[in-house]
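K.L.:
Pasting in a structure now, in structure tokens, and then I'll have a few things to ask.
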Amino acid sequence: MPTIKSINKALAPYHVELEKGEGYFYYVYDFGDSFATESVYCSHLSELSKQDWVDGGIAFAKKVESDKED
């Protein structure tokens, strides 16, 4: 079963953290002058695999970084 700690360890190189809200989770990108969030509407961490959570966080980071370049 995935844990937020293990997911965040895998996401650390991408400047992304997974956080738990009330009934949902969200990614936080925070690097330099860039800050963004993206919600994931899953009420339980176990609804996705660890790899799915990590892949989602990496995709989010790439999206934020791409948006910065535009």
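The values are calculated or read from the model by the stated rules, or taken from the named source; none is laboratory data. This structure is a prediction, so every number in the text was calculated from the model and none was measured. Quick note on the areas: whole protein, heavy atoms, side chains included, nothing else; ligands and nucleic acids left out. Shrake-Rupley method; radii C 1.70, N 1.55, O 1.52, S 1.80 Å.
K.L.:
If you take Cα extents along the principal axes in Å from the coordinates, which of (1) 36, 22, 16; (2) 56, 14, 14; (3) 52, 21, 9 do you get?
P.N.:
(1)
K.L.:
Using amide H atoms built 1.01 Å from N in the peptide plane, name the residues 5+ places from Val40, or on other chains, whose amide H lies under 5 Å from its own.
P.N.:
HN-HN under 5 Å from Val40: Phe25, Tyr26, Tyr27.
K.L.:
Ok, one more. Counting only protein heavy atoms, what percent of the accessible surface of the chain is carbon or sulfur at a 1.4 Å probe? Spell out each step's value before the answer.
P.N.:
Working: 2330 of 4590 Å².
Looking at the chain in its full context, I get 51 percent from C and S.
K.L.:
Under the Karplus relation 6.51 cos²θ - 1.76 cosθ + 1.60, θ = phi - 60°, what is the ordered set of whole-Hz ³J(HN,Hα) values for segment 5-10, x standing for Gly and Pro?
P.N.:
Residue by residue, segment 5-10 yields 4, 5, 5, 5, 4, 5 Hz.
K.L.:
Please work out the average accessible area per residue across the chain, using the 1.4 Å probe convention, and give it in Å².
P.N.:
66
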